[in-house]
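All remarks here apply to the structure that follows.
The values are calculated or read from the model by the stated rules, or taken from the named source; none is laboratory data. Values in this document were obtained by computation on a predicted structure and should not be read as measured data. Cβ atoms come from the backbone with ideal geometry, glycine included; neighbour counts cover every protein chain shown. Ligands, DNA and RNA are stripped out before the accessible areas are found, and what is left, the full protein with its side chains, is counted by its heavy atoms. Shrake-Rupley method; radii C 1.70, N 1.55, O 1.52, S 1.80 Å.
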Amino acid sequence: MTIATLSPTAPSQVTPSKAALFEARAVKAGARRNRLLSLPALVIIGIFGVLPLIIICVYSFLVAAPYGGVQWQFSTDAYLNFLFQRDIFDDTLQFTPDFLIIYLRSFLFAVVTTVICLLLGFPTAYFMATRPPAQRNWWVLLITIPFWSNLLVRTLAIMFIIRDEGLINDALLALGVIDKPITMLYTNFAIQLGLLYAFLPFMVLPLYSSLEKLDFRLIEAACDLYATRRQVLWRVIIPLSKPGIIAGCLLVFIPALGAYVTPLILGGGVHLMIGDLIAQQFGSGRNWPLGCAQALILMAAVLVALFFYVRNTSGKVQHG
């Protein structure tokens, strides 16, 4: 008698149905293990992400208390007050575009910041990606050096550079270029400069990550086919680096839209952006429901814009 006839688990006696059953059990065990591994991350996201969002959503439909906080009475006045104000005499609604203007100005700042960061970051990332492999890590280190200090410290450094008695004005006065200091601090220019300085690395790093994986033999092939530099850029390099462009634009646009520290310090609290406006509702304004409503309106606008943006670009991105 052979060993195969004595062993009940010999390969010759394993039917296809049993093999499929073992494979299904292995797949279920793997899925169960993956769920257990992702459980800590899901708990953290639920506690620090989903739960605060639910609280904000609930607070936005309540009534503001006189000295901060909320009163547990259902009301939609927070959303109504975003665009309208009630007249104190006849209680009629009047259109007030103040909050809308602040939102539009914030969107404009974010768009300009994203475009300029892309124009400055793409050549920088391309330069880094075309360096010898031994030098690339040093260039990445130089780009990440600003992250070694706090954003507040970096913003204060910009303030000391562009103020009336700052480095730029002192140098221009010493050279005789100007007769009196140029007012740069507490202007839109100061806010834009601060946003560019703060978020430029967020554009360079994704672009570098995408361009580093670029097959430069394609560029050589395009040049061999008599393509000009502009054609190589628009038909080869940019299409293949589109994932990095999309990631960099998202990483710059969304934080710039809700920036708080930079407009507060460099704008002097005069040129408000969305972050400062929402903070005022929870601080001096003592209107928590309105602040929650403004935050949710901002989040909804960003989500809608991202939905259409990803929908229009997801089918076109083939690289990465």
Complete set of residues in segment 217-266 that are touching a residue at least 60 places away in the same chain (Cβ under 8 Å) and farther than 28 Å from Val302 by Cα: Ile237
Residue pairs meeting the criteria (Cβ under 9 Å; at least 6 apart or on separate chains; first outside the structural domain of Ala190 (by TED's automatic domain parsing) and on the phi < 0 side of the Ramachandran plot, in segment 141-161; second open to solvent by 80 Å² or more (accessible area, probe 1.4 Å) and among the acidic types (Asp, Glu)): none
Selected residue [at pLDDT 75 or above and over 30 Å from Gln294 (Cα atoms)] from Ala19, Ala24: Ala24
Some residue of segment 250-268 being in contact with a Cys (Cβ under 6 Å, 6 or more places away or on another chain), β-branched (Val, Ile, Thr) and modelled with pLDDT of 90 or more: yes
Yes/no for Thr183 being surrounded by fewer than 21 Cβ atoms within 10 Å (Cβ to Cβ), of a type in the set (S, T, N, Q), assigned by TED's automatic domain parsing to the domain that holds Cys117 and more than 28 Å from Phe127 (Cα to Cα): yes
Considering residues of segment 161-212 that are among the charged types (D, E, K, R) and assigned to a helix (DSSP H, G or I) only, the residue farthest from the chain's Cα centre (by Cα): Asp170
Those residues of segment 66-94 which are without any contact (Cβ under 8 Å) to a residue 40 or more places away in the chain and within 21 Å of Ile278 (Cβ to Cβ), in sequence order: Gln71, Thr76, Leu80, Leu83, Phe84, Gln85
Residue match in segment 82-89 (condition: more than 30 Å from Ile238 (Cα to Cα), open to solvent by less than 60 Å² (accessible area, probe 1.4 Å) and touching a Phe, Trp or Tyr at 6+ places or on another chain (Cβ under 7 Å)): yes
Within segment 226-320, helices (runs of 4 or more DSSP H) holding 2 or more residues that are open to solvent by 60 Å² or more (accessible area, probe 1.4 Å) and over 27 Å from Ala198 (Cβ atoms): 229-232, 288-313
Set Gly268, Gly275, Gly283: member being farther than 30 Å from Ser75 by Cα and of a type outside the set (Ser, Thr, Tyr): Gly268
